[in-house]
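Everything below concerns the one structure shown next.
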Amino acid sequence: MTADAPKYRPIERFWPYAELSEQPTDEELAALDPDLHDVLFGAGRRPFSITLVFPRLEIPEFDKALALARESADFRETGSGAAHRYRARYLSSDAARLRELFLLVGGADATDVLIDDRPVPYARELWLPLVWFLLPR
């Protein structure tokens, strides 16, 4: 192999180099793990957030739950087939909407609660009730 660039390009299907874009797309950046994002772009100050991750549920209010999730600060659909999940991220100022969605989808064992995009012990039992204190009475 020489260090010189090839002088001609053979048939397209045999060209060994993939033509990828130089910059990642917004979807690729959004899908980064929070720790990896901090290493690549520096640890920026992100607001405290709680994310509910849930699959398609066989409940009568699922359409309402999906509409609430789409109104969150950050909504994404990931995976396909049996691994398809809905991710709705809420900031602490959206405690009322977070609680409303959690009351609909929180009863399912397949629903995960992430604190700052990380699985944290007792997120469902401790962190969510602490956020409920932010709700006005």
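Numbers for the structure displayed
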quantity: Relative contact order computed over segment 47-132 (Cα-Cα under 8 Å; 6+ residues apart), in percent; calculated: 40 percent
quantity: DSSP-assigned coil residues among GluC sites (Glu not before Pro) in segment 32-137, each with at most 14 further Cβ atoms within 10 Å; calculated: GLU58, GLU61, GLU71
quantity: Segment 48-100: chymotrypsin sites (Phe, Trp or Tyr not before Pro) in DSSP loop, at most 16 other beta carbons within 10 Å; calculated: PHE48
quantity: FRET efficiency, 1/(1 + (r/R0)^6) with R0 30 Å, evaluated for GLN23 and ALA108 via beta carbons; calculated: 0.20
quantity: Listed residues LEU103, THR51, PRO121: farthest to the positive end of the dipole of segment 47-132 (Cβ charges); calculated: THR51
quantity: Under Karplus coefficients 6.51, -1.76 and 1.60, residue-wise ³J(HN,Hα) of segment 106-122 in Hz, glycine/proline x; calculated: x, x, 7, 5, 7, 7, 10, 10, 10, 9, 6, 6, 10, x, 10, x, 6
quantity: Segment 47-132: C-alpha gyration tensor shape, a/c 1.5 cut-off, then a/b vs b/c; calculated: rounded
quantity: Amide H contacts of ASP74 (H built 1.01 Å from N, under 5 Å, at least 5 apart or other chain); calculated: ARG89
quantity: Of the trypsin sites (Lys or Arg not before Pro) in segment 71-128, those whose Cβ has at most 14 other Cβ within 10 Å and which sit in DSSP loop; calculated: none
quantity: Amide H contacts under 5 Å for ASP117, placed H, 5+ residues apart; calculated: THR51
quantity: Table column - 3J(HN,Hα) (Hz), segment 80-94, Karplus curve with 6.51, -1.76, 1.60, x for Gly and Pro; calculated: 8, x, 5, 8, 5, 9, 10, 10, 10, 9, 10, 8, 5, 6, 9
quantity: Burial ordering of ILE115, ILE59, ILE50, fewest other beta-carbon atoms within 10 Å first; calculated: ILE59, ILE115, ILE50
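Any read-out appearing in this document is the output of simple, stated calculations on the displayed coordinates, not a laboratory observation. What you are looking at is a predicted structure, and each value in this text was computed from that prediction instead of being measured. Ideal geometry is used to build each Cβ from the backbone, glycine not excepted, and the neighbour counts take in all protein chains shown.
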